[in-house]
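Asker: Sharing a structure, written as structure tokens. Questions coming.
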Amino acid sequence: MHKARETGDRNREVVCLGSLGNAYHSLGEYHLAIEFYQQWLDIAKEIGDGLGEAKSLSGLGNAYQSLGKYQRAIEFYHQWLSITRKIGDRTGEGICLGSLGNTYEYLGKYEQALEFYQQWLSITKKIGDWTEECICLGSLGNTYESLGQYQLAIEFYQQWLKLARFICDRNGEGMALSALGNAYNALGKYQKAVEFHQYSLEIRRNLDDQNAEANAWFNLGLVLEKINRQSEAMDAFCHAREIYHTMGLDASLQDCNHAIELLSQNVASAASPFWLGRWFSYLSQFIKADSNQ
């Protein structure tokens, strides 16, 4: 960057500033990232670089969002949106609308989030960006689920699932199936929830995504417990627990241990001697694994 400044190469300087901002953002040094993004923005405005101005505003918004300063992030995102529309950057406009939707969702302002997500969806359809459309459909589903409108959430998750399968996005397919399982669980349609979680689990295992596989086992266990399939629920929790332990995911491991303890208490209070005998075999595996930590 020093050479760019010495030679007065402003275009090269903004590239360096952007790269430094991105690097510090990746390292979690958000305040330093903001300093470089702000310098980038100032020069981009000075030399009339509309695309650079849009990208620097995006960086500033993302950095403030990472700091949890959502209102400040929204201010920069709106400036970014204005620039993308001015220069006709439809892809950037869509990404910006998604960022605004995400930020309003973090703030719990779901109706405003939905407005931006719907605009984002419209753009993804117009420009034929199927990957972004999948992400947008998932975001719409999540927001409707947060509002307790589970049937609407399911409609968007189904669209997401259909598109993910069409473009052969196996990871997206697994995520959509998991989301459908959670939504049906919230509706009390437990058998449907079990089916979707089982489909999701199959994909996660095939993709060798251990964290997602563990989450699928855990979600499946929660639903199986609700329909009194306790032994299967315990088996699912134990599978999840083993993976969480191997990966060192302490918070998830703690949640799983808590679920196992609650399930054990419920069974012990209602079980016959025959079931208790079978249950002790599951618990012995759990205790053995716990002692090896």
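Asker: Quick one: how many residues across segment 166-189 are in a helix (DSSP H, G or I) and of a type in the set (D, E, K, R)? First the steps, then the outcome.
Answerer: Quick first cut of segment 166-189, residues in a helix (DSSP H, G or I) only: 166, 170-187.
Then keep just the ones that are of a type in the set (D, E, K, R); that gives 170, 173.
Of the residues in segment 166-189, 2 are in a helix (DSSP H, G or I) and of a type in the set (D, E, K, R).
Asker: Given LEU187, LEU224, LEU220, LEU207, which one is aliphatic (A, V, I, L, M), surrounded by fewer than 21 Cβ atoms within 10 Å (Cβ to Cβ), out of contact with any Ser or Thr (no Cβ under 8 Å at 6 or more places or on another chain) and within 27 Å of ASN266 (Cα to Cα)?
Answerer: Numbers: LEU224 fails: surrounded by fewer than 21 Cβ atoms within 10 Å (Cβ to Cβ); LEU220 fails: surrounded by fewer than 21 Cβ atoms within 10 Å (Cβ to Cβ); LEU207 fails: within 27 Å of ASN266 (Cα to Cα).
After applying the criteria, what remains is LEU187.
Asker: Sticking with this one: So for segment 230-238 (the condition being in contact (Cβ under 8 Å) with a residue 40 or more places away in the chain, within 19 Å of ALA259 (Cα to Cα) and of a type in the set (A, V, I, L, M)), does at least one residue qualify?
Answerer: There is at least one residue in segment 230-238 that is in contact (Cβ under 8 Å) with a residue 40 or more places away in the chain, within 19 Å of ALA259 (Cα to Cα) and of a type in the set (A, V, I, L, M).
Asker: Answer yes or no: is there a residue in segment 32-47 that is in a loop (DSSP other than H, G, I, E, B), free of Cβ contacts under 8 Å to residues at least 24 places away in the same chain and either within 28 Å of the chain's Cα centre (by Cα) or buried (at least 23 other Cβ atoms within 10 Å of the Cβ) (or both).
Answerer: Start the filter on segment 32-47 by keeping residues that are in a loop (DSSP other than H, G, I, E, B), which leaves none.
No.
Asker: Against the conditions (1) farther than 19 Å from ILE135 by Cα; (2) out of contact with any helix residue (DSSP H, G or I) (no Cβ under 8 Å at 6 or more places or on another chain), where does GLU111 fall short? Just the number, please.
Answerer: (1)
Asker: Which members of segment 190-241 meet the condition of being among the polar types (S, T, N, Q) and assigned to a helix (DSSP H, G or I)? First the steps, then the outcome.
Answerer: Taking segment 190-241 and keeping what is among the polar types (S, T, N, Q), we get 191, 198, 200, 206, 210-211, 215, 219, 228, 230-231.
Once the filter is applied, which keeps residues that are among the polar types (S, T, N, Q) and assigned to a helix (DSSP H, G or I), segment 190-241 yields GLN191, GLN198, SER200, ASN206, GLN210, ASN211, ASN215, ASN219, GLN230, SER231.
Asker: Counting only residues that are of a type in the set (Phe, Trp, Tyr) and surrounded by fewer than 23 Cβ atoms within 10 Å (Cβ to Cβ), which one in segment 66-115 is nearest to GLY141 (Cα to Cα)?
Answerer: The first filter runs over segment 66-115 and keeps only residues of a type in the set (Phe, Trp, Tyr), leaving 70, 76-77, 80, 104, 106, 110.
Still in the running and surrounded by fewer than 23 Cβ atoms within 10 Å (Cβ to Cβ): 70, 104, 106, 110.
Numbers: TYR70: 22, TYR104: 15, TYR106: 15, TYR110: 11 Å.
Within segment 66-115, the match that is nearest to GLY141 (Cα to Cα) is TYR110.
Asker: Another question, if that's okay. Under the condition of being of a type in the set (S, T, N, Q) and touching a Leu at 6+ places or on another chain (Cβ under 9 Å), which residue from segment 140-176 is surrounded by the fewest Cβ atoms within 10 Å (Cβ to Cβ)?
Answerer: Going through segment 140-176, the residues of a type in the set (S, T, N, Q) turn out to be 142-143, 146, 149, 151, 158-159, 171.
Okay, now just the ones that are also touching a Leu at 6+ places or on another chain (Cβ under 9 Å), so 143, 151, 158-159, 171.
Values: THR143: 24, GLN151: 9, GLN158: 16, GLN159: 19, ASN171: 14.
Applying the filter and picking the extreme gives GLN151.
Asker: Are any of the residues in segment 18-28 assigned to a loop (DSSP other than H, G, I, E, B), under 30 Å from TYR104 (Cβ atoms) and modelled with pLDDT of 95 or more? First the steps, then the outcome.
Answerer: First, the residues of segment 18-28 that are assigned to a loop (DSSP other than H, G, I, E, B): 27-28.
Checking the rest, the ones that are also under 30 Å from TYR104 (Cβ atoms) come to 27-28.
Subsequent filtering for residues that are modelled with pLDDT of 95 or more retains 27-28.
Scanning segment 18-28, I find at least one residue that is assigned to a loop (DSSP other than H, G, I, E, B), under 30 Å from TYR104 (Cβ atoms) and modelled with pLDDT of 95 or more, so the answer is yes.
Asker: Further question: Which of the residues spanning segment 82-117 are over 26 Å from LYS45 (Cα atoms) and part of a loop (DSSP other than H, G, I, E, B)?
Answerer: Matches in segment 82-117: LEU107, GLY108, LYS109.
Asker: Give the residues of segment 53-110 that are farther than 22 Å from THR124 by Cβ and among the hydroxyl-bearing types (Ser, Thr, Tyr), sorted by residue number.
Answerer: SER56, TYR64, SER66, TYR70
The values are calculated or read from the model by the stated rules, or taken from the named source; none is laboratory data. Note that the coordinates shown come from a computational prediction; the quantities given were computed from them, not determined experimentally. Don't worry about glycine lacking a Cβ; one is built from the backbone with ideal geometry, like all the others, and counts go over all protein chains shown.
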